[in-house]
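Participant: Handing you this structure, nothing more for now.
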Amino acid sequence: MVTQTDHGGIANKLADFACSVRSDPSRIPKDVRTHALQRLLDNFGCITFGRRVKPAHCVAELVSSMGKGNCRLIGSESRTSPTAAALAHGTLAQSFELNDLGVYVHPGACIVPACLAGLDMTERRISGMDFVAAMVVGYEVTVRLSECVGPSPELDIGWHTPPFHGAVGAAASAAMLMGLDRDGSAQAMVIAADLAGGGLMLARLGSDIKRVHCGRGAETGVLAALMAQQGLRSRLDTFEHPDWGYCRTMTASASGFNLDAIQHGLGEEFVGFRRTAMKYYPVGAEVIGVIDAISEIKKTQQFSIADIEEVVVGTPAFFVKAQGHEFPETDAQIHFNTEYGAAMALIHDIRPVYEDPGILKYWLNGYGRADVKALAGRIRHVVDEELDRHNPYGIDSSVKIVLRDGTVMENQTDYVRNADSAGTMQFAVMTEEKVVRKFRALTEESLKHAQQETLISTVLGLATVPDSRTMWNAYDAALAIHI
């Protein structure tokens, strides 16, 4: 559904929202501030761990020589340009599929790197609450834009949304911290929309470059804010133009998007964190459902791998289409393969990363095991008609395990009960305690315990400090990160 707006209405409304939150961060509800700090800690953990993922590490090393600037790189003593730092941090955050997820967009891996670059670009003092406000706005813009055009049309067309919606949200965040006014903020967002882009095929079927998509979203957002700061202009009706606008292009339709999803409750109802979730397995969202369903069966049923005749995994049709079902040949394919995920969940006593950091190693190495490959050959991924009819892009999964003696064991996730919109990513909720444990798991090979605790307390207490650079001070004290 397309609703009418005045010329440039969407960009200006988003800019008004960003500027109003920057001028009065106290309007952000306390629970939203708390969630923002938890997401910040979670992204720091993902970025730090990303140095151990070879393709992401290569990108991080590459960008250290891509430009001059004063922007820091986590895990390095190098300084680089704002865009290069954003590219590196976004890539590192996305590298092992443990970063947060929204309506088929990864907001944190785009927004947090843009905020870090924005912090390093400005000489004025940025309070902890200013930093939190920029994060909140970036998440809000990204998630609302994603809900406007999805989750269906853009996925079917083949867009991978982090370098699109995430770029616009990153531009909003960077513009806030750089001190851009209403007009500059609006221009930053429409320029980011003009520059955005990323394809879904290799993101789903396996490619090292998938890991770079969030980095590109962050980089594009920062670049757009810098362009706007220098006076470059784009059309303010970029989002809603009926023929060539962003939403029209994303959906390949004049009526397949809903501008009200951006505007309704903007500034009054904060949905950016409520409609996104943090991951606890290193997989795509739909594979989380498969693992959770299998884990529940294993809690109550006793059987061996040799007993299994076949396993049938059911999801909406999109996820059957959106995966390469051949057994993984590289580590780029291990995150989005249902057969691999189900086989690993059956063979291992699989637990969330905040309970068992060992998953970070055995998930990476499983595709080289003959027993995993053999079991994957007995797993079928099919369309679950009921799930497909109820929510064709939902992440709930059904699992049926058939044993050789005829015993049938079944389970199905029911995440949709916790969702307040069709695209809400709301698998099992992570409490702050679990977020902290996940951070420790992701950084245990890079930081000593005392260094971890300093960073945890600094990040979670950021909203009360007068200068956000205390984060960097804490990292400087800890970095001993030479991975």
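Every number here is computed from the coordinates shown, using simple stated rules; none is lab data. Quantities reported herein were computed from a predicted structural model and do not represent experimental measurements. No Cβ is skipped: glycine too gets one built from the backbone with ideal geometry, and neighbour counts run over all protein chains shown.
Participant: Report, in cubic angstrom per residue, the convex hull volume of the C-alpha atoms of the stretch 224-298.
Facilitator: Once divided by residue count, the hull of the stretch 224-298 is 182 Å³.
Participant: Now for a separate question. Under a Cβ-only charge scheme (Lys and Arg +1, Asp and Glu -1), can you give me the dipole magnitude of the stretch 285-414 about the Cα centre, in debye to the nearest 20?
Facilitator: 280
Participant: Oh, and also: Name the residues whose placed amide hydrogens come within less than 5 Å of the amide hydrogen of Ser468, ignoring near sequence neighbours (fewer than 5 apart) on the same chain.
Facilitator: Those lying under 5 Å, H to H, from Ser468 are Ile126, Ser127, Gly128.
Participant: Right, here's the next one. Mind checking the angle between helix 82-94 and the chain's longest principal axis? C-alpha axes, 0 to 90 degrees, to the nearest 10.
Facilitator: 20
Participant: Give me a comma-separated list of calculated 3J(HN,Hα) values for the stretch 247-258, in order, Karplus coefficients 6.51, -1.76, 1.60 applied at θ = phi - 60°, integers in Hz, x for any Gly or Pro.
Facilitator: 5, 4, 5, 4, 9, 6, 7, 7, 9, x, 9, 10
Participant: Right, something else. At 20 °C and a viscosity of 1.002 mPa s, what translational diffusion coefficient does Stokes-Einstein give for the chain, taking Rh as the Kirkwood radius over Cα pairs? Give it in µm²/s as a whole number.
Facilitator: Roughly 96 µm²/s, to the nearest whole number.
Participant: Rounded, prolate or oblate: which fits the stretch 265-328, taking a ≥ b ≥ c as square roots of the Cα gyration tensor eigenvalues, rounded meaning a/c under 1.5, else prolate when a/b beats b/c?
Facilitator: Here the stretch 265-328 falls in the prolate category.
Participant: Sticking with this one: Please say if the stretch 285-414 is rounded, prolate or oblate, where rounded means a/c under 1.5 for a ≥ b ≥ c the square roots of the C-alpha gyration tensor eigenvalues, and otherwise the choice is prolate for a/b larger than b/c and oblate otherwise?
Facilitator: Rounded.
Participant: Here is a follow-up. In whole percent, what relative contact order does the stretch 285-414 give with Cα contacts below 8 Å and a gap of six or more residues?
Facilitator: 43
Participant: Could you go through the stretch 395-411 in sequence order and give the Karplus-derived ³J(HN,Hα) for each residue, using 6.51 cos²θ - 1.76 cosθ + 1.60 with θ = phi - 60°, rounded to whole Hz, and x for Gly and Pro?
Facilitator: 9, 5, 9, 10, 9, 10, 10, 10, 8, 5, 8, x, 5, 10, 10, 9, 7
Participant: Please give the contour-minus-distance gain from Asp356 to Ala450: 0.36 nm per residue of separation, less the Cα-Cα distance, rounded to one decimal in nm.
Facilitator: 31.8 nm
Participant: Suppose each label sits 7 Å from its Cα in the direction of the beta carbon; what would the Lys30-Asn70 distance come out to in nanometres?
Facilitator: Distance between label points: 3.6 nm.
Participant: What percent antiparallel are the DSSP beta bridges of the stretch 285-414, to the nearest 5?
Facilitator: 70
Participant: I would also like to ask the following. Over the chain, what is the relative contact order in percent, taking alpha-carbon pairs closer than 8 angstrom and at least six residues apart?
Facilitator: Relative CO of the chain lands at 20 percent.
Participant: What whole-number value in cubic angstrom gives the convex hull volume per residue for the C-alpha atoms of the stretch 209-256?
Facilitator: Per residue, the Cα convex hull of the stretch 209-256 comes to 89 Å³.
Participant: Pull up all non-local amide H partners of Gly197: gap of 5 or more, or a different chain, and H-to-H distance under 5 Å with H placed in the peptide plane.
Facilitator: For Gly197, the qualifying residues are Phe164.
Participant: A further question on this structure: Exactly which GluC sites (Glu not before Pro) in the stretch 213-276 are in a DSSP loop and have at most 11 other Cβ atoms within 10 Å?
Facilitator: Passing both the DSSP loop test and the Cβ count: Glu268, Glu269.
Participant: Further question on the same structure: Just flag the trypsin sites (Lys or Arg not before Pro) in the stretch 108-215 sitting in loop per DSSP whose Cβ has no more than 16 other Cβ atoms within 10 Å.
Facilitator: Answer in residue order: Arg124, Arg125.
Participant: Next question. When the helix-only estimate is applied to the chain (DSSP H runs of n ≥ 4, each -39,500 (n - 2.57), divided by the residue count), what is the mean residue ellipticity at 222 nm, nearest 500 deg cm²/dmol?
Facilitator: Rounded to the nearest 500, the figure is -15000 deg cm²/dmol.
Participant: Okay, moving on. Quick one: which of 28-36, 254-262 comes out on top by average Cβ neighbours within 10 Å, and what's the full order, highest first?
Facilitator: Top to bottom by mean Cβ count within 10 Å: 254-262, 28-36.
Participant: Here is a further query. Considering only Cα-Cα distances, which of the following residue pairs are longer than 25 Å: Lys13/Lys279; Lys279/Lys299; Lys54/Lys373?
Facilitator: Flagged as over cut-off: Lys13/Lys279.
Participant: Something else now. Fewest Cβ neighbours within 10 Å first, please rank Ile111, Ile157, Ile401 accordingly.
Facilitator: Starting with the residue having the fewest Cβ neighbours, the order is Ile157, Ile401, Ile111.
Participant: Report, in debye and to the nearest 20, how large the dipole of the chain comes out about its Cα centre when Lys and Arg carry +1 and Asp and Glu carry -1 on their Cβ.
Facilitator: 1080
Participant: Also: Calculate one ³J(HN,Hα) per residue across the stretch 185-198 by plugging θ = phi - 60° into the Karplus curve 6.51 cos²θ - 1.76 cosθ + 1.60, and present them in order as whole Hz with x for glycine and proline.
Facilitator: After applying 6.51 cos²θ - 1.76 cosθ + 1.60, I find 5, 4, 5, 4, 6, 6, 5, 4, 4, 5, 8, 5, x, x Hz.
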